[in-house]
Amino acid sequence: MTKETFKLDIGGKELKVEFRNLAEQASGSILVQYGETTVLATAVMSDSDKQEAGFFPLTVDYEERFYAAGKILGSRYMRRESRPSDEAILTSRFIDRAIRPCFPKNLKREVQIIVTCLSWDGENDPDVIGLIAASLALSISDIPWAGPIGCLRVGKNEKGLILNPTYQEREKNDLDLAVAGISSLSAKSLGNEKDDDVLINMIEMEGNEMAEEMILEAVNFAKANLKNIIDFQKEIAEKIGKEKIKIEEPVKDLELEKEIKDFLGDRLEKSLYQKDKIGRMEEVNDLKEELAYFIEGKYPGMGKQSYVKDFFEDEINRLVHENVIKSDKRPDSRKIDELREIDCEVALLPRTHGSGLFVRGQTKALSILTLGAPGDVRLLEGMETIGKKRFMHHYNFPPYSAGEIKPMRGPGRREIGHGMLAEKALFPVIPSFDEFPYTIRIVTEILSSNGSTSMASASSSSLALMDAGVPIKRPVAGIALGLMTDFSGNYKILTDIQGPEDHHGDMDFKIAGTEKGITAIQMDVKIEGIGEAVIKKALEQGKKARLQILDKIAKVIQEPRPKLSSHAPRISILQINPDKIREVIGPGGKVINAIIEECGVLIDIEDSGRIFVTAEKEEAAEKAVSWIKNITREVKVGEIFQGKVTRILNFGAFVEILPGQEGLVHISQLAPYRVGKVEDIVKVGDVIPVKVISIDEQGRINLSLKEAKEKS
């Protein structure tokens with residue numbers, strides 16, 4: 001079997017690439033290892049065009065394998081991987097967003113990229129390695145593609161910026177940024193400095209309120225190393241790569257195009273340029289149908305409709321770009337950096353723990369917050385993660401939000417991705433467990449969609465958090481920025497993109513954060529890449545818009561409410577001696593289950609002895625807390641109790657002085673005279689006064705009835 005090995009140092013670690021043709025029937029396959037994390041990437045392209053596809057039919061799948069981490073997980077009845085985890089879906093989207101812009105616009109063949117993690121070392125994240133592997137698999141294949149793409153992760157700690165930090169380092173970092181780029185020699189230059197060798201085509205970032213200048217510094221820090229990774233891949237492709245399949249350029253039908261332009265005149269522009277999305281889409285769609293009917297009448301049965309549809313979309317694309325670049329004209333007449341009208345509202349729903357509505361133009365996001373007990377955390381069980389998650393944001397995009405009719409199914413990749421982006425944006429302001437020991441779940445329902453619903457959900461979630469009285473540091477707001485370019489060096493960055501600007505624009509740059517700084521970024525492009533000038537300008541416009549939105553939020557609610565909703569559960573916390581935990585639980589959980597059932601509470605116990613009692617009503621919590629305190633109370637010599645006789649033996653009687661705590665009254669301590677038989681003095685069920693006379697080294701309590709009576 002042929003084997004070629006290539007190596008490159010990145011951040012003090014070796015990136016090893018092996019071409020072994022393991023998946024020999026794939027168009028391209030490669031093994032990539034960094035540390036001891038190893039992935040296999042494969043690329044396959046179909047033999048024929050998918051004619052009915054109105055978009056490039058690319059599928060990217062990242063596959064986790066439990067064996068990679070030496071784990072046997074899953075249901076005890078099915079010890080195998082099933083549905084991809086949210087983390088795996090996010091990695092698939094991560095790879096997809098970077099590689100998609102590099103395919104030819106006229107490619108209609110189905111392409112599938114599968115990246116499988118075969119080995120995971122617990123230090124190096126497979127996502128960055130997986131993107132490099134996908135880039136290599138495409139580069140050495142016969143699939144037309146304008147790569148390769150380099151990818152790195154940048155972190156920031158007290159010493160400064162670091163490349164490809166480990167999981168342990170990332171936990172301590174203020175910044176976690178993943179960036180992908182392409183050689184500027186193979187990409188169309190846009191906002192690119194002359195000495196810049198790399199254009200950026202994807203950014204994902206989460207951080208602790210980072211300044212815009214720091215984001216730009218981190219991206220520039222990565223560029224030199226991205227160039228090395230790109231050049232490394234080019235060398236491999238030159239040595240072992242296949243010749244690329246030629247995709248024929250579509251033949252232009254100039255006569256048909258003239259017919260279409262003459263028919264449309266200025267009607268398309270008039271239909272497209274109006275504020276109302278519903279009216280705009282109705283007019284544009286009506287015009288498209290009218291055009292199709294006209295062309296079919298002129299060329300019956302000649303199969304012109306596909307060409308007409310594509311040209312119609314190209315005309316929309318041309319109009320949107322030209323009007324913005326030449327005259328700053330947007331479809332809804334806004335200025336380049338102008339936000340749509342914003343409206344905010346809290347406390348919409350009477351029984352929920354917190355709710356917030358955020359409206360930006362025709363985009364409407366309603367977030368509902370629920371507070372739960374510490375035990376309501378989500379349990380994580382995956383290849384990379386086993387643990388608990390106490391803050392969750394979930395995003396729903398029902399079909400009515402886009403005026404569509406579709407089956408209602410579980411969340412798709414888009415819903416999971418948008419939900420996680422908002423969750424990352426909010427996480428830095430969420431109070432710690434010690435400050436606020438609740439499990440927090442937010443669900444955002446998109447009621448109406450017209451651009452950047454993920455950023456709207458970050459804003460509506462901030463409203464819900466404050467409405468619920470969750471003591472967040474500061475509210476978070478998000479905005480999406482777009483780009484229009486003519487590829488001749490002219491471009492405009494648009495604030496708050498919607499509708500045709502989103503669909504036909506060249507960039508989607510989502511930025512979320514507080515007044516102090518950025519907490520999350522997700523940027524991808526439809527062109528091959530962008531330069532530093534575009535990124536800098538987008539960050540500047542994003543900050544201006546974010547502060548404007550935060551000002552609107554502050555006019556509705558400035559800070560978290562001082563008290564939780566009356567419908568929210570109450571959590572009482574008490575600390576006990578860890579040695580007493582077994583007494584609270586009782587044999588087979590008998591004691592703790594009794595408390596839960598009788599008081600109607602939830603109880604969570606930490607190994608440290610910290611106990612959390614969660615109840616819908618304060619009286620229930622107080623009753624349970626009192627019960628636990630009595631169980632765990634440290635009895636002292638000399639104390640007198642009214643105790644209940646629970647058992648009688650020949651040598652004495654056992655008396656329960658506190659719930660779960662018994663002591664022995666020896667027969668000699670029953671009376672001030674000699675007792676022949678225990679039953680002559682006490683019987684099971686009697687309540688008698690007893691005095692604690694000693695506690696031995698094993699914690700056993702000795703009681704006296706006679707001394708208690710003498711005391712009284």
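Beta-bridge orientation, the chain: approximately 90 percent antiparallel, per DSSP, counting only bridges with both partners inside.
On a per residue basis, the convex hull of the C-alpha atoms belonging to the stretch 4-240 measures out at 152 Å³.
Residues D9, D47, D86, ranked from the fewest to the most other C-beta atoms within 10 Å, line up as D47, D9, D86. Once you reduce the stretch 445-461 and the stretch 357-412 to the center of their Cα atoms, the two points are 12 Å from each other. Scanning the chain for chymotrypsin sites (Phe, Trp or Tyr not before Pro) lying in DSSP loops with no more than 11 further Cβ atoms inside 10 Å, the longest uninterrupted stretch between such sites is 78-650. For the residue pairs K304/K406; K388/K510; K13/K223; K7/K156; K335/K526, the alpha carbons lie more than 19 Å apart in K304/K406; K388/K510; K7/K156; K335/K526. Distance between the pseudo-spin-label points of D686 and E36 (7 Å out from Cα toward the beta carbon): 6.8 nm. Using 7 Å Cα-to-Cβ label points, what is the R318/Y167 separation (nm, one decimal)? Going by the 7 Å Cα→Cβ label model, 5.3 nm. Normalised by 2.2 N^0.38 Å, where N counts its residues, the alpha-carbon radius of gyration of the stretch 191-298 equals 1.85. The largest-to-smallest principal axis extents of the Cα set in the stretch 58-128 are 47, 28, 17 Å.
For the stretch 690-712 versus the stretch 104-129, the spacing of their alpha-carbon centroids is 72 Å. Remark: for residue pairs K172/K629; K50/K252; K623/K706; K227/K544; K50/K239; K389/K537, the C-alpha separation exceeds 28 Å in K172/K629; K623/K706; K227/K544; K50/K239; K389/K537.
Approximating the spin labels as points 7 Å out from Cα along Cα→Cβ, the Q575-to-V635 distance works out to 2.5 nm.
Loop-resident trypsin sites (Lys or Arg not before Pro) (DSSP state other than H, G, I, E or B) in the stretch 50-132 with no more than 16 further Cβ atoms inside 10 Å of their Cβ: K50, R65, K71, R76, R79, R80, K105. A simple count of charges around R93, restricted to other residues whose Cβ falls under 12 Å of its Cβ and scoring Lys, Arg +1 and Asp, Glu -1, yields -4.
Radius of gyration over Kirkwood radius for the chain, both on Cα atoms: the Rg/Rh ratio is 1.12.
Local charge for D376 was computed over the other residues whose Cβ lies under 11 Å away, with Lys and Arg +1 and Asp and Glu -1, and equals +4.
With only Cα atoms counted, the stretch 338-494 has Rg and Dmax values of 17.0, 58 Å. Net charge around T2, counting only other residues with Cβ within less than 15 Å of its Cβ (Lys, Arg = +1; Asp, Glu = -1)? That works out to +1. Scanning residues 5 or more positions from V60 or on other chains, those with amide H under 5 Å from its amide H are I113, with H placed 1.01 Å from N in the peptide plane. You can think of it this way: the chain between S694 and K536 has 49.3 nm of extra reach, that is 0.36 nm per residue less the Cα-Cα gap.
Values of log10 I(q)/I(0) for the stretch 640-711 across q = 0.22, 0.25 Å⁻¹ run -0.89, -1.15, by the Debye formula with one identical scatterer at each alpha carbon and no solvent.
Laboratory data are not the source of any read-out in this text; all were calculated from the coordinates shown. Computed from a predicted structure; not experimentally measured. Cβ sites come from the backbone with ideal geometry, for glycine too, and all protein chains shown count toward neighbours.
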